[in-house]
Amino acid sequence: VCNWYVKAGQYIQSTGVSCAFVSTNSISQGEQPGILWPELFNRFRLKVHFAHRSFPWESEARGKAHVHCVIIGFAAFDRPDKRITDYDVDVEHPTVTAARNISPYLVEGPDRVVTNRTEPICDVPKMSWGNKPTDGGHLIFTRSEKVEFLQQEPGAAEFIRPFMSGGDFIDGVERYCLWLVDASPEKLRKLPAVMKRVEAVRESRLESKAPTTRAYAKYPTLFRQIAQPDSDYLAIPEVSSERRAYIPIAFLSKSVICSNKIQFVPGATGYHFGILTSTMHMAWMRQVAGRLESRFSYSNSLVYNNYPWPQEVTAKQRTAVESAAQAVLDARAQCPAATLADLYDPLTMPAPLLRAHQELDRAVDRCYRPEPFPSDR
């Protein structure tokens, strides 16, 4: 898809020709804008003249499956009467707005893109990816599997830790893992059921097509990638439904091993939690994050590291955010049996939790400017 835009840019140079493509919406989301659009702007001097923002397209070729598309009209010259068609509210009755300039994210704005960064642009704690097992499933247990395993090997109890992927985190699924980082050789040799699983990990990695995975067959007691924090941490799932107004995030104990489908911020405070769970941060995330189909795909390097945190925050403003953030946690605690999926489903979200989030949103907005923002856009 990107190459068709490049070919069009070549073809229409030094002409008055305009063109448009129906395209996958991914070229205006996530990492792709930072790769494609600087090439189109700098090499071919292209300007977007009109844009139809993301909408579902029912494809006969895919057996009536929905694909998500955009339509982008462009040329190698500028024009003043640009327009954006938006399907956010009603696909059958979209809204059309005039724009002075249309950005690669198909909103009014400059010809500017967000690219991956290794460090945050603001003075905030670093966010990292969780631990990647690459174990063939041999180090991971369901609750019933853990109970059965410990009946066979009760001495392994000290090495069993709670384990969470992004889906487990949101849906409240209980899973466990063998965490053998500090297991001594003499202890392991006394645990034959553990050794059997370690051998299965080694064999699984040796069978991999990836040379780097095969190389890690030498370390069968360990996860393929280890990044476990040594303190409690704030956890954000990598993938979350677009139906939710807020990505569910929460504090987890350092005893919980988070998978690489969770991104974490060790040492995060209530203030950090408040800003990250606010509508302000969600609006930024929706604009720059990648997607899996239509679900949000959160990225530390793209979303978090580029996020413009409020500057020159007063002590009063910071306290207001912290208090409102704690109220969100308190509202969640009123429903102890509910999962984050239950709490943040737009149909089942408890009224006290929604009101707490709305108060937090107002506190966060005031950190940016005194007057309220009329819309996410």
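Quick notes on this one:
Residue-by-condition table, conditions (1) open to solvent by 80 Å² or more (accessible area, probe 1.4 Å); (2) in contact with a Pro (Cβ under 8 Å, 6 or more places away or on another chain); (3) of a type outside the set (A, V, I, L, M, F, W, C):
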{"residue": "43", "(1), (2), (3)": "yes, no, yes"}
{"residue": "58", "(1), (2), (3)": "yes, no, yes"}
{"residue": "86", "(1), (2), (3)": "no, yes, yes"}
{"residue": "114", "(1), (2), (3)": "no, yes, no"}
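- Candidates in the stretch 275-294 are the residues that are open to solvent by less than 10 Å² (accessible area, probe 1.4 Å) and out of contact with any Ser or Thr (no Cβ under 9 Å at 6 or more places or on another chain); of these, the one that is farthest from residue 29 (Cα to Cα) is 275.
- Cross-chain or 6+ apart pairs with Cβ under 7 Å, the stretch 125-137 first and farther than 15 Å from residue 224 by Cα, then hydroxyl-bearing (Ser, Thr, Tyr) and outside any loop (DSSP other than H, G, I, E, B): 127/304
- Hey, residue 257 open to solvent by less than 10 Å² (accessible area, probe 1.4 Å), within 30 Å of residue 53 (Cα to Cα) and under 21 Å from the mean Cα position of the chain (by Cα) or not: no
- Residue in the stretch 119-132 that is closer than 22 Å to residue 188 by Cα and surrounded by 13 or more Cβ atoms within 10 Å (Cβ to Cβ) present: yes
- Within the stretch 225-243, not a single residue is over 23 Å from residue 124 (Cβ atoms), hydroxyl-bearing (Ser, Thr, Tyr) and over 20 Å from the mean Cα position of the chain (by Cα).
- The set of residues in the stretch 210-219 being in a loop (DSSP other than H, G, I, E, B) and either crowded, with 19+ Cβ neighbours inside 10 Å or modelled with pLDDT of 95 or more (or both) consists of 219 alone.
- Unique match (being touching a strand residue (DSSP E or B) at 6+ places or on another chain (Cβ under 8 Å) and not β-branched (Val, Ile, Thr)) among 278, 301, 297, 323: 297
- Exclusive hit being modelled with pLDDT under 95, among the aliphatic types (A, V, I, L, M) and out of contact with any Asp or Glu (no Cβ under 9 Å at 6 or more places or on another chain), set 250, 289: 289
- Verdict on residue 88 being modelled with pLDDT of 95 or more and of a type in the set (D, E, K, R): no
- Any strands (runs of 3 or more DSSP E) falling wholly within the stretch 220-316 and containing at least 1 residues that are out of contact with any helix residue (DSSP H, G or I) (no Cβ under 9 Å at 6 or more places or on another chain): 233-237, 262-266, 290-292, 295-297
- Residues in the stretch 46-85 that are at pLDDT 95 or above and out of contact with any strand residue (DSSP E or B) (no Cβ under 6 Å at 6 or more places or on another chain): 47, 76, 77.
- In the stretch 295-343, the residues that are aromatic (Phe, Trp, Tyr) and either open to solvent by 30 Å² or more (accessible area, probe 1.4 Å) or touching a Phe, Trp or Tyr at 6+ places or on another chain (Cβ under 6 Å) (or both): 307
- Subset of the stretch 155-182 [closer than 15 Å to residue 226 by Cβ and open to solvent by less than 20 Å² (accessible area, probe 1.4 Å)]: 159, 163, 177, 178, 180
- Going through (1) closer than 10 Å to residue 138 by Cβ; (2) open to solvent by less than 90 Å² (accessible area, probe 1.4 Å); (3) part of a helix (DSSP H, G or I) one by one, residue 196 falls short only on (2).
- Only one of the listed residues (224, 243, 214) is among the basic types (Lys, Arg) and out of contact with any Ser or Thr (no Cβ under 6 Å at 6 or more places or on another chain). That residue is 243.
The values are calculated or read from the model by the stated rules, or taken from the named source; none is laboratory data. All of these numbers come straight from a predicted model, not from anything done at the bench. Note: ideal-geometry Cβ built from the backbone for every residue, glycine included; neighbour counts use all protein chains shown. Only protein heavy atoms, including side chains, enter the accessible area calculation; ligands, DNA and RNA are left aside. Shrake-Rupley method; radii C 1.70, N 1.55, O 1.52, S 1.80 Å.
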